[in-house]
1. How would Trp49, Trp131 line up from fewest to most surrounding beta-carbon atoms within 10 angstrom?
2. Which ³J(HN,Hα) values, rounded to whole Hz and listed in residue order, are derived for segment 76-93 from phi using the Karplus coefficients 6.51, -1.76 and 1.60 in 6.51 cos²θ - 1.76 cosθ + 1.60 with θ = phi - 60°, glycine and proline given as x?
3. Within the set Lys96/Lys247; Lys223/Lys251; Lys75/Lys125, which residue pairs have Cα atoms separated by over 26 Å?
4. Of Val88, Val168, how do they rank once you tally other Cβ atoms within 10 Å and put the fewest first?
5. Out of residues 5 or more away from Phe181 or on other chains, whose amide H comes under 5 Å of its own, with H placed 1.01 Å from N in the peptide plane?
6. Listing Thr68, Thr234 from the residue with the fewest other Cβ atoms within 10 Å to the one with the most, what is the order?
7. Would you please give the residues with an amide H less than 5 Å from that of Asn87, counting only those at least 5 places away or on a separate chain, with H modeled from the backbone geometry?
8. Quick one: if you stick a label point 7 Å off each Cα along the C-beta vector at Asp275 and His262, how many nm between them?
Amino acid sequence: QAVPTKRRTITMCGSVSVCLSVFAAWIAIAESGSGNEWGYEPGIGPSTWSLHYPQCGGSSQSPISVDTASAVLDKNLTAFTFSGYDNVNNISMSMKNNGHTVQIDLTGKLMTISGGGVSDIYRAKQFHFHWGSEDRRGSEHDINDNHFPMEMHVVHYNSKYDTFEDAVNETNGLHVLAFLFEVGTVNHHFDEIIHHFYQIAHKADHVNLTTFPLSGLFPGDLKVYYRYHGSLTTPPCSESVIWTIFKETIKISEDQLMKFRHNVHRNYANETDRDISNDFRPTQHLNHRFVYASDTSAIYKPISASGTLVPSSICIIAIIFLLFVFTW
């Protein structure tokens, strides 16, 4: 009788193991399928995204490091035409904390871009930010391996499609304008955004803004820029994005940056506060792609620190030698 009992025990244990395995797998699928189980922290950071979002492991991913010496001049990259960017009537701006960034959604009268070497017209959908916990990091794109404290993305979708969702997986379905930030004086064009951070301090918080001209956030020179084809920098990492990175930076004060770093959090209100800072994806391999420039002023070889030190060393050695000769 011991044998049947043993078999029955093994069978029961096997069934329990299978049940537990199925249950654990169901939980994992439910969590990954929610679309929210990604972030920038260990365990759910960028290195894990491709496990649940296969396109994040593609060959045309963003962001990238722009090598200004290797950029190719493209005379077809003409100036943009911005329509509705100075308008404040019949446009609504709502700001939210989605746990990953501060995002401002745009609804109402259309704001569009055309030109810029692209034949289609693109509609503005939203803009958001990526920033670091300190000035030497924060931007997603970098120039010659130099990162900036913050980067703003203005996301557009091709007007040939009815919605953003229809365009997101189509070739050239999206066009994102990227602006890099540098520390400078107070930029009052960002007041309406920053002054409402206390109302979006936690994930899922949102607030309506008083509409302001979106063009006021932009730098003065919008004719000099870099262009390449890539992807969304967050899941699902769709490789449908035309990227424009403007050479001229936006200036913002250190105090304003500190408000981004410490006044909005990635957690819900009933949880321990954790800053959103460092919400940027590491740069991706360029692979087969080229980076183009709209103007020759954007193509240059950076002056390295070692390049400036060598002549100084030679001068110092020469002076010592001359002093030795004349004193001898």
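Each value in this text was obtained by applying a stated rule to the coordinates, not by laboratory testing. Because the structure is predicted, anything quoted here is derived from the model rather than measured. Because the Cβ atoms are built from the backbone with ideal geometry, glycine has one as well, and the counts that use them run over all protein chains shown.
1. Ranking Trp49, Trp131 by Cβ neighbours within 10 Å, fewest first, gives Trp49, Trp131.
2. Once θ is set to phi - 60°, the couplings for segment 76-93 become 7, 7, 7, 5, 7, 10, 9, 10, x, 6, 9, 8, 10, 8, 6, 10, 10, 10 Hz.
3. Lys96/Lys247; Lys75/Lys125
4. Going from sparsest to densest Cβ surroundings: Val88, Val168.
5. Met150, Ile250
6. Thr68, Thr234
7. For Asn87, whose amide H was placed from the backbone, the distant partners under 5 Å are Leu214.
8. The answer from the label model is 0.8 nm.
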